[in-house]
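Notes follow once the structure below has been shown.
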Amino acid sequence: MSGQANSVLQQEMPFDTVMRQSPLGMAVIAMDGTYVAVNDAYARIYGYLPTEMQGHSFLMIFPEDQRESLLRLHQNFLMYGGTLSGEWEVLRKDGTHSHVISESACVRGQDGTDRRLVYVTDISARRKIEAELEASRIFAHAVIDGLSSQLCVLNEDGIIVSANHAWRRFYIDNGGDPEHLLKPVSYLEICMAANGSQRRGQPDTSGFPEQLKRVLRGDLQSFELEYPWHTPTERRWFIARAYRLPGVSPARIVVSHDNVTALKNAQEELHEALRFTRKLIHSMQDGFMVLDKRFRPVEVNPAMCRMTGYTESSLLYSEHPFPYLHHMQTEELNQLFHQIHEATEREIEFVIAHPEKGHFPASMTVSRIYDEDGQVMHYIATVKDITERRRVEQEIQRLAFYDALTGLPNRRLLHDRLEHCLRGSRRHALHGAVLMLDLDNFKPLNDHFGHDAGDSLLVEVANRLQACVRASDTVARLGGDEFVVIICELDSETGVSFELAAQIAEKMQQSLTIPYQLRLRNGETEKILQHHCSASVGVALFSAPEHHAADILKRADQAMYQAKERGRNRVCFADFPPRRSASVH
């Protein structure tokens, strides 16, 4: 813009008024890239307010990797002239990308400094429409070319005006000349040539051209026919369809060919698959059933018969839907049916009654087959004998809660039993007692005769302690040579409970002092070791409202150590009740 033009512009309308009222985005940028002036239209394009851009570098609207080169372009434009315009991908304030087209002019201010005046138009909407149109065109061609059907479009004269990739490929693979596709070619001529070159013994397809002529004339809207087209190495079948597009001028006829060889072979493959599936089901080790929607079996495999002890006919035609569940009541059966109906590949556990082997646990996994309306047609059930799994689960539970050597409850189960005893004490207002026992001089037995001797002693001690208490009481092994006995529901009176606990403790001591006959094995030889043993016993009485499990065990442990300190082989009571002797010799 010349100086004279600037002067005239300033006289007719101040430049800042032009910028402010212009519908175009306008900005003035200094040599260092800083915005000197920005109008509202310009700022809106980038999602900013004018005040958020003015004083900042114009590079803020460009990706970082472009900023250095754009600054050089800007400065070269101001120093040497030329042009600086084009389409740009820019960054908006919210981080999204936009497209703009810009024009630049060099303007000189009253201070004699050159600045760049930029006119910007947002073309994002236009670019989006162009991209969508191009994508739509590409998509349409890709869809047509991606179809497996050999597809072509003819005019009224039968000339091919368009063909997809599958048609062109089929034409060339079956002896067609690719050069013919570069110029208008008659579809009817191709058909005639194909019929004339058919090998001897192959069915004639001449009916296709005649039908196609009728569609070309408008006498027939559409037709469809199946024909063979074999090669020396493959037997193939196709379905040809021709359809005259209604309301299209000039007229267009769409012709398609679909290879239906797979469809032809599908029936035999289906039969083979069904035969294989039946063999597979019959070879399964797990029971398999197909149930109708009334839960009656319509198919069972041999494994199901072996598992239940019933023949196939007995399972399929019995009055009872599951004869091996005859022991279940009607309500239980209804509950089982409900579980089968609601099951989504989860296990249902129940008990099978075998006519000879008796009862054993089983699990059933059920899936459903639906009809076209989404209603259940059949249930597919797989049944497993889970006897071994239950045994393993019980063994895992035993290892988790019981001592592996003695079979007594371990520390974890002990705490559970003590909490249970405390609840009973609270409910019935009765005292209970915990007896902590530690074998005296156990270590020398291990040191002199080995751990087998120690293990034999621990097992015998466990047996004797269990013989001294009721079935409702608990004898547990904490580890090593420490045992704990929980006596529940002694008496409501503290004094009576004390006497009862003392009698039980003394009974245990007497039992443990009886000589032990320990069997020791060394290779193939075995000898009997007579061993004498005693125990130090700590006793803690408790009543539920006054004590907690951890405190009770701690008091019993302290009483046991007191018994050891007083010379072993004795019983000591914790400080409860307060006015009695704390030890029993």
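The values are calculated or read from the model by the stated rules, or taken from the named source; none is laboratory data. Because the structure is predicted, anything quoted here is derived from the model rather than measured. So basically every Cβ, Gly included, is an ideal-geometry build from the backbone, and we count neighbours across all protein chains shown. For accessibility, only protein heavy atoms count, side chains too; no ligands or nucleic acids. Shrake-Rupley method; radii C 1.70, N 1.55, O 1.52, S 1.80 Å.
Within segment 168-178, no residue satisfies the criterion of being surrounded by 15 or more Cβ atoms within 10 Å (Cβ to Cβ) and free of Cβ contacts under 8 Å to residues at least 12 places away in the same chain. Taking segment 149-167 as the range and being touching a residue at least 12 places away in the same chain (Cβ under 8 Å) and either in a helix (DSSP H, G or I) or not aliphatic (A, V, I, L, M) (or both) as the test, the residues that pass are SER149, GLN150, CYS152, ASN155, GLU156, ASP157, GLY158, ASN164, HIS165, ALA166, TRP167.
Could you please find all residues in segment 488-513 being open to solvent by less than 40 Å² (accessible area, probe 1.4 Å), closer than 23 Å to HIS547 by Cα and among the small types (Gly, Ala, Ser)? Passing the criteria: GLY495, SER497, ALA501, ALA502, ALA505. Filtering segment 442-455 to residues that are open to solvent by 40 Å² or more (accessible area, probe 1.4 Å) and within 19 Å of ASP403 (Cα to Cα) leaves HIS451, ASP452, ASP455.
Conditions tested, residue by residue: (1) surrounded by fewer than 12 Cβ atoms within 10 Å (Cβ to Cβ); (2) polar (S, T, N, Q); (3) at pLDDT 85 or above.
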| position | (1), (2), (3) |
| --- | --- |
| SER148 | yes, yes, no |
| VAL153 | no, no, yes |
| GLY158 | no, no, yes |
| ALA166 | no, no, yes |
| HIS180 | no, no, no |
| TYR187 | no, no, yes |
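Within segment 40-66, residues that are within 14 Å of VAL100 (Cβ to Cβ) have Cβ atoms under 8 Å from residues that are open to solvent by less than 60 Å² (accessible area, probe 1.4 Å) and in a loop (DSSP other than H, G, I, E, B) in these pairs: ALA41/SER22; PHE58/GLY33, counting only partners at least 6 apart in sequence or on another chain.
When each of SER256, SER283 is tested for being among the hydroxyl-bearing types (Ser, Thr, Tyr) and closer than 27 Å to PHE208 by Cβ, the lone residue that passes is SER256.
Does ARG389 satisfy the condition of being surrounded by fewer than 20 Cβ atoms within 10 Å (Cβ to Cβ) and under 13 Å from ALA549 (Cβ atoms)?
no
Look at (1) in a helix (DSSP H, G or I); (2) in contact with a His (Cβ under 8 Å, 6 or more places away or on another chain) and you find that ALA501 fails only one, number (2). Is one or more of the residues making up segment 430-440 modelled with pLDDT under 90 and β-branched (Val, Ile, Thr)? Within segment 430-440, none of the residues are modelled with pLDDT under 90 and β-branched (Val, Ile, Thr). Which of the residues belonging to segment 543-576 are modelled with pLDDT under 65 and touching a strand residue (DSSP E or B) at 6+ places or on another chain (Cβ under 7 Å)? Matches in segment 543-576: PHE576 only. Of all the numbered requirements in (1) of a type in the set (A, V, I, L, M, F, W, C); (2) open to solvent by 30 Å² or more (accessible area, probe 1.4 Å); (3) closer than 19 Å to PHE360 by Cβ, PHE337 misses one, and that requirement is (3). Number of residues in segment 12-29 that are over 20 Å from VAL100 (Cβ atoms) and outside any helix (DSSP H, G or I) equals 2. Here ALA535 clears all of (1) open to solvent by 10 Å² or more (accessible area, probe 1.4 Å); (2) more than 21 Å from ASP416 (Cα to Cα); (3) not hydroxyl-bearing (Ser, Thr, Tyr) except the condition numbered (1). Residues considered: SER313, SER256. Of these, the only one that is exposed (fewer than 15 other Cβ atoms within 10 Å of the Cβ) and either of a type in the set (S, T, N, Q) or touching a helix residue (DSSP H, G or I) at 6+ places or on another chain (Cβ under 7 Å) (or both) is SER313.
Evaluating SER472 against the criteria (1) more than 49 Å from the chain's Cα centre (by Cα); (2) open to solvent by 40 Å² or more (accessible area, probe 1.4 Å) leaves one unmet condition, (1). Among the residues of segment 316-333, those identified as in a loop (DSSP other than H, G, I, E, B) and either open to solvent by less than 50 Å² (accessible area, probe 1.4 Å) or farther than 17 Å from HIS359 by Cα (or both) are SER318, GLU319, HIS320, PRO321, PHE322, MET328.
So if I check each of ALA550, ALA540, ALA535, which one is within 28 Å of ARG427 (Cα to Cα), among the aliphatic types (A, V, I, L, M), assigned by TED's automatic domain parsing to the domain that holds ASP473 and in contact (Cβ under 8 Å) with a residue 24 or more places away in the chain?
ALA540
Against the conditions (1) more than 16 Å from PHE483 (Cα to Cα); (2) open to solvent by 10 Å² or more (accessible area, probe 1.4 Å); (3) at pLDDT 90 or above; (4) of a type in the set (A, V, I, L, M), LEU529 satisfies every one except (3).
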